[in-house]
Amino acid sequence: MPQAPSPGVSGPPPAAEVQIGANRVALLRDGGEAYPAMLDAIQRARSSICLETYIFREDETGRRFATALCERAQAGVEVNLLYDDWGSTLSPELVHRLHVAGVRTLAFGPVAKGRLWDRLVGRLRRRNHRKSLVVDGGVAFAGGLNVSDDYAAASAGGRGWRDTHVRMVGPAAAELERMFLDTWRTSRGAALSEERYRRGTPEPDARVRIVGNEFRKDHKFIRKAYLSAIQRATRRVHLTHAYFLPPARVMRALQRAAQRGVEVSVILAATTDVPVLLMAARGLYGKLLRSGVKVYEWTGRVLHAKTAVVDGVWSTVGSTNLDSMSLRSNLEVNAVFEDAELGAAVEAMFEDDLKSCVQVTLEAWKKRPWTERFLSWLAYRFRDWL
């Protein structure tokens, strides 16, 4: 059941809010819940703001965030904006406005956008796919939402894409900030006011972890977290993924879990912004269905979420897609939780999302037209390049 927001936080109440050790964690459904909470946190910043995003669009939502960042920078807050240059569309005029206000910006992986070849090569290079916000080292957000009208609520003029974010108040925020600062320094961002970030080392808590792919290629921390949870599953594995092309080990883990009697269900996007990825993912449906995995296709608004819950206790919300580019190359970050109350909330969200889905059966799958079979086969063969 939705709960009241934390004291001092404006906007609609989160889908759920629970205390996990020293961390207060709120589950935020879509931009309608996440954006007001993020903008409220920015407005309350007193020392530092670290915003990292794959997409920062110069649309109504982007301008709202830009205005909020400028206001805090002008008030003396150190504001750092790290955005991916391939994914974002910031004009020189907006970047200049940010700089004049005191916002320090850094484009990750600069791309010569005027030339098609450079755009294509830039897409294949490592990208920064993270979506995180940390305010004063104590309040943090992570999940699947970029900064764009795509995710804003329809009532606010957005497209209302289906996505999930979390807000964390407590030591986990400092860990997410540490990851941001490492990326900022490694990418040669402007010098930091180091005294603003001296927060000490938080006590580790296995119940709330920040898991990210680091700069060394093929660091598999997020993949290992998924594999461990799936391999330990005894009752249920529920996955919601907009882009689903898991590597062989993850695929086998899902199949084996289903074969040993675990209820394995996946919600995948039939309404998607990248149709070729859907065609490629459909190339896996036969293997999944024959193993006993239940496959559902989301048919409502565009689905962009990346979440999972295992046995109602282990759950994760983040930026990571279950595909080669996310797990092997891109910079990603997920929040991983071991908590039954939050796990129940993620499961409830999964069950609610099923109302917008159509189940794919093996019988119907065998009756697909040959053209659809061929296109899925072809797209799947080029999956590592998508």
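The values are calculated or read from the model by the stated rules, or taken from the named source; none is laboratory data. Predicted model, so just to flag it, every value in this text is computed and none were measured. Note that each Cβ is placed from the backbone with ideal geometry, even for glycine, and that neighbours are counted across all protein chains shown.
Please enumerate the residues belonging to the stretch 328-377 that are assigned to a strand (DSSP E or B) and either of a type in the set (A, V, I, L, M, F, W, C) or within 25 Å of A248 (Cα to Cα) (or both). Full working, then the answer.
Within the stretch 328-377, the first condition is being assigned to a strand (DSSP E or B), and the residues that meet it are 331, 333-338, 357-360.
If the condition is that a residue be assigned to a strand (DSSP E or B) and either of a type in the set (A, V, I, L, M, F, W, C) or within 25 Å of A248 (Cα to Cα) (or both), then L331, V333, N334, A335, V336, F337, C357, V358, Q359, V360 are the ones that fit.
Which ones in the stretch 46-92 are of a type in the set (D, E) and part of a strand (DSSP E or B)? Quick ask: steps written out before the conclusion?
Going through the stretch 46-92, the residues of a type in the set (D, E) turn out to be 52, 58-60, 71, 78, 84-85.
Within the stretch 46-92, E52, E78, D84 meet the criteria.
Quick test for you: out of L277, L254, L322, L288, pick the one residue that is under 16 Å from the mean Cα position of the chain (by Cα) and within 27 Å of F374 (Cβ to Cβ). Write out each step before concluding.
Details: L277 fails: under 16 Å from the mean Cα position of the chain (by Cα); L254 fails: under 16 Å from the mean Cα position of the chain (by Cα); L288 fails: under 16 Å from the mean Cα position of the chain (by Cα).
Matching residue, one of L277, L254, L322, L288: L322.
Of all residues in the stretch 183-216 being assigned to a loop (DSSP other than H, G, I, E, B) and under 26 Å from R328 (Cβ atoms), which is modelled with the lowest pLDDT?
Taking the stretch 183-216 and keeping what is assigned to a loop (DSSP other than H, G, I, E, B), we get 187-193, 198-207, 213-216.
From what's left, under 26 Å from R328 (Cβ atoms): 187-189, 206, 213-216.
Values: S187: 93, R188: 94, G189: 96, A206: 88, N213: 81, E214: 69, F215: 63, R216: 60.
Out of the qualifying residues, it is R216.
Among the residues of the stretch 272-318, which ones are hydroxyl-bearing (S, T, Y) and crowded, with 17+ Cβ neighbours inside 10 Å? Walk me through how you get there before you give the answer.
Applying the first criterion (hydroxyl-bearing (S, T, Y)) to the stretch 272-318 yields 272, 285, 291, 296, 299, 307, 315-316.
T272, Y285, Y296, T307, S315, T316 - these are the residues of the stretch 272-318 that are hydroxyl-bearing (S, T, Y) and crowded, with 17+ Cβ neighbours inside 10 Å.
Being aromatic (F, W, Y), over 20 Å from L145 (Cβ atoms) and touching a residue at least 24 places away in the same chain (Cβ under 8 Å) narrows it down to one residue among Y197, Y243; which is it?
Details: Y243 fails: over 20 Å from L145 (Cβ atoms).
Of Y197, Y243, the one residue that is aromatic (F, W, Y), over 20 Å from L145 (Cβ atoms) and touching a residue at least 24 places away in the same chain (Cβ under 8 Å) is Y197.
Could you say whether any residue in the stretch 191-198 is farther than 28 Å from L106 by Cα, touching a strand residue (DSSP E or B) at 6+ places or on another chain (Cβ under 7 Å) and among the basic types (K, R)? Give the derivation first.
Of the stretch 191-198, the ones farther than 28 Å from L106 by Cα are none.
The answer is no, given that none of the residues of the stretch 191-198 is farther than 28 Å from L106 by Cα, touching a strand residue (DSSP E or B) at 6+ places or on another chain (Cβ under 7 Å) and among the basic types (K, R).
Could you check how many residues of the stretch 156-196 are over 24 Å from G31 (Cα atoms), touching an Asp or Glu at 6+ places or on another chain (Cβ under 7 Å) and surrounded by fewer than 19 Cβ atoms within 10 Å (Cβ to Cβ)?
The qualifying residues number 2.
Restrict the check to the stretch 226-247 and report whether at least one residue is more than 22 Å from R127 (Cβ to Cβ), surrounded by fewer than 21 Cβ atoms within 10 Å (Cβ to Cβ) and modelled with pLDDT under 90.
No: the stretch 226-247 contains no residue that is more than 22 Å from R127 (Cβ to Cβ), surrounded by fewer than 21 Cβ atoms within 10 Å (Cβ to Cβ) and modelled with pLDDT under 90.
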